[in-house]
Amino acid sequence: MDVSNPVWASPIEFLQTVNPENPVMFFAPKALQARTQQFLKGFPGLVTYAVKANPDISVLQSLVSHGITGFDVASPEEIQLMRSLAPEAALHYHNPVRARSEIEFAQRMGVKSYSVDSRSELAKLAEILDPEGVEISVRFALPVDGASYNFGAKFGAIPAAAADLLREVARLGFITSMTFHPGTQCTDAEAWHKYILAAADIAANAGVKIERLNVGGGFPSQRSNEAGDLDEIFGVIDQATTEAFGDNRPALVCEPGRALVADAFALSVGIKAIRDGADVFLNDGIYGGLSEQHLIGLTQRLLAVHPDGTLVAGEGVPHRLFGPTCDSMDMMPGVTHLPAELAEGDYIIFYSLGAYSTATATRFNGFGDLQLATVHTL
Ligand SMILES: Cc1ncc(COP(=O)(O)O)c(C=O)c1O
């Protein structure tokens, strides 16, 4: 991301000064620093960052310079990127399925932590890697509520299979650990509680002491009114680990993506048209910066602004919101209440948009030319 200068006071100052034609992604570095400190001070273990959420160089550099020393990487490209920016950082290759060439690449780059959820992938790792000093975390999944969508549908062994895998990891001589991901934007601390109790059961059934337990991923950003308090979730994780493991308490690791970066960004989009007074057409949509909104619901934090920077007034009126492409899927879920005086040419600022937005945006249909701006506050 080429963050343009100067640093603006706020998105509204930018909008009223520049009146941009294109969508604009606003980055508030101070918000990112504050959230980084909250994790480093509050989480009772090692904080790593899931690079996939937002691999922007300015984000990664900020995280490194403010004390993040570990990264969850999903691919050779992410490994290379992190090695170039933070050569000493711990890299956890926690995409549980990899090509042999990808494992060989990670090995050459000195990656020492991997996750698995199947015997076939464990066998592949064991063929390629020398177990000395290498950690393998068994990823398991439970049918647990609380997240915006279910991550267990693709990855994670059921508990019985996880116990078998853990035994096999120990037999092969790797450092034994476990991991889970409760699902992204998980607002219920109880999900972590259940997962941690299950991790202890699985380890006990396997007869294996685990060195570390990685609790995901999944921490909520402030995109919803039910997001809850991160410090409360950290407290539940700490207590549940002692409750579940007692004297065998493993070291804890977390690998947030969304919760570290999302709230440090906001996206402004322009209103292209209000079709017959009803449907609102935006200049960005699901193929751009609003890519995951149709999957996890539209962020509940938004603000409508006139080009002169004043707030749009009036009672909330329900509208359907559409993106600019010709694809019928390019629409926001449900209806959104927007102030009655909203007009063509106004802007909507969507908050908490720093994760899975610029990372997945495309130029489909020739739209999505995203401008970038740095702000003091969002
Ligand atoms: C292995 C792993 N860890 C962490 C994350 C980050 O999850 P979140 O952004 O919900 O914190 C992901 C997201 O896909 C993941 O696959």
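Tabulated values for the structure
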| read-out | value |
| --- | --- |
| Residue count for the stretch 173-183, restricted to those that are surrounded by fewer than 22 Cβ atoms within 10 Å (Cβ to Cβ) and near the ligand (Cβ under 10 Å from one of its atoms) | 0 |
| Selection from the stretch 23-53 of residues that are within 14 Å of the ligand (Cβ to nearest atom), touching a Phe, Trp or Tyr at 6+ places or on another chain (Cβ under 8 Å) and within 13 Å of residue 264 (Cα to Cα) | 53 |
| Residue list for the stretch 9-43, filter: touching a Ser or Thr at 6+ places or on another chain (Cβ under 9 Å), open to solvent by less than 40 Å² (accessible area, probe 1.4 Å) and in a loop (DSSP other than H, G, I, E, B) | 10, 20, 23, 28 |
| Counted residues, the stretch 129-145 - those being within 12 Å of the ligand (Cβ to nearest atom) and either of a type in the set (Gly, Ala, Ser) or open to solvent by 30 Å² or more (accessible area, probe 1.4 Å) (or both) | 2 |
| Index of the failed condition, residue 170 passing every other in (1) touching a residue at least 60 places away in the same chain (Cβ under 8 Å); (2) open to solvent by less than 50 Å² (accessible area, probe 1.4 Å); (3) part of a helix (DSSP H, G or I) | (1) |
| Condition met for residue 294 (away from the ligand (no atom under 16 Å from the Cβ) and at pLDDT 95 or above) | no |
| Residue satisfying condition, being among the aliphatic types (A, V, I, L, M), free of Cβ contacts under 8 Å to residues at least 60 places away in the same chain, open to solvent by 40 Å² or more (accessible area, probe 1.4 Å) and farther than 20 Å from residue 44 by Cβ, within set 126, 227, 153, 157 | 153 |
| Selection count where residues are hydroxyl-bearing (Ser, Thr, Tyr) and assigned to a helix (DSSP H, G or I), scope the stretch 44-62 | 2 |
| Among (1) aliphatic (A, V, I, L, M); (2) closer than 16 Å to residue 211 by Cβ; (3) modelled with pLDDT under 95, the one test that residue 166 misses | (3) |
| Among residues of the stretch 79-116, those that are touching a strand residue (DSSP E or B) at 6+ places or on another chain (Cβ under 9 Å), surrounded by fewer than 20 Cβ atoms within 10 Å (Cβ to Cβ), charged (D, E, K, R) and touching a residue at least 24 places away in the same chain (Cβ under 8 Å), counted | 2 |
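The values are calculated or read from the model by the stated rules, or taken from the named source; none is laboratory data. These numbers were taken from a predicted model, which means no experiment stands behind them. Here the Cβ is made from the backbone with ideal geometry for all residues, glycine too, and neighbour counts use every protein chain on show. The protein model used for the area step is the full one, side chains on, heavy atoms only, and it has no ligands, DNA or RNA in it. Shrake-Rupley method; radii C 1.70, N 1.55, O 1.52, S 1.80 Å.
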